[in-house]
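Heads up: the structure comes next, in structure tokens.
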């Protein structure tokens, strides 16, 4: 019986050498292209001759970067490593990535790499821009004031909680950056809450839920304040920074918790907000329509004088924005954007004063403008 352990010991070195030699050999026989298209960047170049001592000291790191970018089976090993990192409390989910301190992150639509700027869908950027241009034109025809809000990926805000391999460089251009720049060139200002949300996150004040893809009520309030400021209604601001009193630990199931098979086991941090002086929100009537969709549209009447606000959005505004918008609106109309294929006739059917178009950063690559403006 001692033969088997002895044989295994003898195989350790050959197997170890094989694991090293196969990728190295493939890296020589099948050299990597200079442009890593999957990561939207150029591969690290081999260092040239140093001109001084400072440049000489950089050579070891440059050689390491060059080797890492050209190692054989690199893409396959990155995939394997990410798969291993998705083990959460002994359970596995292809849709969830475990971060530090209990943070969970979505992996759908390759959002991890897209948040790091490794992929950019120029077609998706063009499609979202076409939708915004169409909304701007339709709003102008009825005299409504449109505002465009980008709901960022959780990965872009609580970046420090991501595993090292998933972070990317802070200065890397992302699809949202490209869209904001292209929209500005077209005369459209896209509200970008990332700077203020990152500042709160850096101060250890979570603006997203740990076990969910969505921002929490605190993070949403910052986005709301940007929206009403863009509408030139500063008296509508909620001022969340002055209202936060702390966080309550609650065992609650977010969408990521369910995806990771952790229902009933996950404690999240829920912000506590002081609502003193904030108008009470009471719905007189709520009428749902588009019942065939998983997030039905609705109209809320608050039974008082006030503007009619149209929100074209998704789950980031459907339930979490009414407590804010309801304090200032007479009527609220919420419809799902359906990734660009929403019913444009809403502009003709309703008397609308303000329009909020909210879209998710992670949905940019799958957007399909339904107005025909992108064709």
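Quick look at the numbers
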| read-out | value |
| --- | --- |
| Residue within segment 267-274 that is surrounded by 21 or more Cβ atoms within 10 Å (Cβ to Cβ), under 24 Å from the mean Cα position of the chain (by Cα) and in a helix (DSSP H, G or I) present | no |
| Subset tally (residues that are within 18 Å of residue 360 (Cβ to Cβ) and more than 15 Å from the chain's Cα centre (by Cα)) for segment 147-179 | 2 |
| Meets criteria (part of a loop (DSSP other than H, G, I, E, B) and surrounded by 15 or more Cβ atoms within 10 Å (Cβ to Cβ)) for residue 263 | no |
| Segment 112-139, subset in contact with a strand residue (DSSP E or B) (Cβ under 8 Å, 6 or more places away or on another chain) and modelled with pLDDT of 95 or more, residue nearest to residue 208 (Cα to Cα) | 128 |
| Failed criterion for residue 170 (all others in (1) in contact with a helix residue (DSSP H, G or I) (Cβ under 8 Å, 6 or more places away or on another chain); (2) part of a helix (DSSP H, G or I); (3) surrounded by fewer than 17 Cβ atoms within 10 Å (Cβ to Cβ) hold) | (2) |
| Any chance residue 234 is in contact with a strand residue (DSSP E or B) (Cβ under 8 Å, 6 or more places away or on another chain) and either closer than 26 Å to residue 99 by Cα or surrounded by fewer than 16 Cβ atoms within 10 Å (Cβ to Cβ) (or both) | no |
| Matching residues in segment 180-209 - criterion: being part of a helix (DSSP H, G or I) and either more than 14 Å from the chain's Cα centre (by Cα) or free of Cβ contacts under 8 Å to residues at least 40 places away in the same chain (or both) | 180, 181, 182, 183, 184, 185, 195, 196, 199, 200, 201, 202 |
| Any hit, segment 210-220, residues being more than 25 Å from residue 148 (Cβ to Cβ) and either over 24 Å from the mean Cα position of the chain (by Cα) or modelled with pLDDT of 95 or more (or both) | yes |
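The values are calculated or read from the model by the stated rules, or taken from the named source; none is laboratory data. Treat the numbers as computed from the prediction; the structure is a model and nothing was measured. We place every Cβ from the backbone using ideal geometry, glycine too, and count neighbours over all the protein chains shown.
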